[in-house]
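The values are calculated or read from the model by the stated rules, or taken from the named source; none is laboratory data. Model, not experiment: these values are computed from the prediction. Counting neighbours? That spans all protein chains shown, and the Cβs are built from the backbone with ideal geometry, glycine included. When the accessible area is computed, the model is the full protein with side chains, heavy atoms only, and any ligands, DNA or RNA have been set aside. Shrake-Rupley method; radii C 1.70, N 1.55, O 1.52, S 1.80 Å.
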Amino acid sequence: MIIMTKYLFLLLLSFSVFFPGQTYKPLDTTDYAPRKEFIKNYSANNEFLIKDLKTKYSGKAGSELSKIYKELGKDFEKQVKDKDFVFNSVFDAKVKSLIERLRKNNPQIPQNLKILIAKNNTPNAYCFADGTFVINMGLFSWLNNDDQLASVISHELGHKIKGHTLQTFLKLIGEDQMDKLVVQNIKSNKINRNQRAFDVLKNRIYKKGYENRKQEMQADSLGYTVFKNSDFKKTEFINALKRLEDFDTISPKELKLETYKKFFNLPTQEFKDKWLAKEDFSLYNYDHFNEKLNKDSLKSHPEVTMRINNLKKIFPELKTEVADEKASESYSVVEKIARMETLPNFYHSEDYGLGIYTSLQFLQDGEEESYYKSWLGKCFGKIYDARKNYNLNRYLDRVDPKNQSESYQHFLNFMWNLSLDEIKNIADYYQKKS
């Protein structure tokens, strides 16, 4: 599974999308019937899975696995009820067609896969034990073609075929039992108790990171084997990894200061330079504190460069690098729709601050002005409600110089500098304008 931070969603803005002669309308989420049917089937399948696991794993392992999968099922059903996914969309057809192409020469791919598209802007995918395959909408807008999307699907199928999730849960259950004995030992001896307890925790975290990185390498290798057995271009497997590496490492696109002045100098409220005042962190020494945990050992995913080199070592044909294939017409369509769904997805997940930042970046590029101005108004309306109710921290990040780009820090300073009335004026202006 590929995990990314939310600040980097904004890299999606390096593409252009135009729907000439019409205003884009977000995907219809009136899907009560298919959601109800999906939950019914998923619940039944999860119960069957739990019974099967109890049969295969007796005693403590069986009972703990039952608890884990019941809790996972409960959380997932809540996500479906909360409309975190879209049903019967153009994305479903695209993913199903790619899986069928992968399945032609790969009989090991499960037949019971059920596709679900998540309203999530991160380029990620994952597969549940019952065969529910979740694809985030962000993958469609970030990857460049069918072959790259198929490569990510192949990677996740590698996890599924290897049964990595179940392996992880079984190891956690075994370690929990062992940890209880270790804790008893620490309690029985008071000498250097805190340090010994921390060492146990550190070793546990490092070991988990190592095991997860090992699984990622295995999923890459098996995933590529599935991929190359199909009719996709082999080098696109590497190109997809490079594309995901770009998402994971490049700073968000810069929001220019002129953009603030252009969109917030309103007829009803003149722009104020003090809104752009930055908080001074220059006197804070971030090197004063020593890291107690090694960052590289904490990573659950190996560096993409390491993954690419490992694949090239195992599969020599991947050593030759070729430029990305041009997107098919059908892929261009879903890519454009996913891009236009960026703001509805942020709004759905209540990431109103990121919604404003992203709207401004789209507007800065001169894209679909009426569409993004309307989202600017909607998100500012929610920010106003949050500020009025003293819970703005829930929807707008605080400045964090160590982990945020200069542009994003400037944006956060701007937002926190606005008064309640000033936020309301901006919200009212753009809501009326839209």
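Within 10 Å, count the other beta carbons around each residue, average over each peptide in 220-228, 153-161, 385-393, 401-409, and list them highest first. Mind showing how you got there, number by number?
On the way: 220-228: 20.9, 153-161: 23.9, 385-393: 13.4, 401-409: 15.4.
Per-residue Cβ counts within 10 Å, averaged per peptide and sorted highest first, yield 153-161, 220-228, 401-409, 385-393.
In this structure, the amide hydrogen of Lys114, modeled 1.01 Å from its nitrogen in the peptide plane, lies closer than 5 angstrom to those of Thr132, Phe133, counting only residues at least 5 positions away or on a different chain.
This model, with +1 at the C-beta of Lys and Arg and -1 at the C-beta of Asp and Glu, gives the range 317-428 a dipole about its Cα centre of some 580 debye. Note on Ser349 and Leu172: the model spin-label points, each 7 Å out from Cα along the C-beta direction, lie 2.1 nm apart.
What length, rounded to one decimal in nm, is gained on full extension from Asp75 through to Arg394, with 0.36 nm per residue of separation minus their alpha-carbon distance?
Working: separation 319, 0.36 × 319 = 114.84 nm, distance 2.09 nm.
Contour length minus Cα-Cα distance gives 112.7 nm.
Run through the range 116-145 and list the chymotrypsin sites (Phe, Trp or Tyr not before Pro) located in a DSSP loop whose Cβ has at most 10 other Cβ atoms within 10 Å. Could the numbers behind the result be given before it?
On the way: sites: Tyr126, Phe128, Phe133, Phe140, Trp142; in loops: Phe128.
In loop regions of the range 116-145 (DSSP not H, G, I, E or B), there are no sparsely surrounded chymotrypsin sites (Phe, Trp or Tyr not before Pro).
Place a +1 charge on the Cβ of each Lys and Arg in the range 29-129 and a -1 charge on the Cβ of each Asp and Glu, then give the dipole magnitude about the Cα centre in debye, rounded to the nearest 20. All intermediate terms of the calculation are to be shown ahead of the outcome.
Values: 20 positive and 12 negative charges, 34 e Å.
Dipole about the Cα centre, nearest 20: 160 debye.
In this simple spin-label model, placing a label point 7 Å from the Cα along the Cα-to-Cβ direction at both Asn310 and Asn189 gives a separation of 3.6 nm.
Please give the per residue accessible area of the range 356-434, computed with a probe of 1.4 Å over protein heavy atoms only, in Å². All intermediate terms of the calculation are to be shown ahead of the outcome.
Numbers: 3320 Å² over 79 residues.
Dividing the accessible area of the range 356-434 by its residue count gives 42 Å².
Reported to the nearest whole Å, the Cα centre-to-centre distance from the range 214-247 to the range 67-124 is 19. Between Glu270 and Asn105, the modelled labels are 7.1 nm apart [label points 7 Å from Cα along Cα→Cβ].
The order of His410, His164 by accessible area, most exposed first and with a 1.4 Å probe, is His410, His164.
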